[in-house]
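Peer 1: Please find one structure pasted underneath; my questions will follow.
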Amino acid sequence: MKDAIQQRLNNRGQVGIGTLIVFIAMVLVAAIAAGVLINTAGFLQSKSEQTGQDSSAQVSNRVQVVSGFGNVTDAEDVDYINLTVMRGSGSDDINLSTATIEWIGPNKATTLVSGDINDVDSTDSTHFNVSDIKDQDGSAPVLNSQDDRFTISMNAGAIGGNNLGEGETVELKLTTQYGAVTLYRASIPQSLSQESAVTV
């Protein structure tokens, strides 16, 4: 009888220890899962914040085109397209030497990168040039003030193989280092007679 009671107590003790081991294992698994969830949530939050900042930069850090004009040759066609640009409202500093311009013209579509600063001779079939009009602190080619005004020059004859004639149009897509895009449509007037420069 004593042996039977002792055997029953031993069995209960073993069951209690087994239950305790299972409980501890469940707590450990739950703690590990909670740690993984917290780490994942933190990672996703940081990624979403970065994505939000990138998206905001792509919208706000744009170049604004103030005006555009074309240089008219003696042959009554346009050899250079020039854009006067400024920093968009609310944007950060914009380095035009790292910008790109997609040129979609009547004869050719290509992507232009920056040539030498203030050297119009650096404009060719693959390069545009940046020169300063108004730049009080000498920051060119970086637009770091709302008062800065720079000229972007493009050699239409070199890019398209021919100068632009009357009535022709060029689509320009200027992309800053932030990925912000400014679209501009340069349209040559129907008549260039007796003109040295025209608004485009």
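Peer 1: How much length is gained on full extension from residue 145 to residue 169, taking 0.36 nm per residue of separation minus their Cα-Cα distance?
Peer 2: 5.5 nm
Peer 1: Could you give the length gained by full extension between residue 108 and residue 67, i.e. 0.36 nm per residue of separation minus their alpha carbon distance, to one decimal place? Display every interim value, and only then the final one.
Peer 2: Numbers: separation 41, 0.36 × 41 = 14.76 nm, distance 2.32 nm.
Gain on extension, residue 108 to residue 67, equals 12.4 nm.
Peer 1: Let me ask something else. Once you have the Cα-Cα distance between residue 21 and residue 124, take 0.36 nm times their residue separation minus that, and quote the gain in nm to one decimal.
Peer 2: Residue separation times 0.36 nm, minus the Cα-Cα distance, leaves 29.4 nm.
Bear in mind that the values in this text are calculations on the coordinates, not laboratory data. Note that the structure is a prediction, hence the values are computed from the model and not measured.
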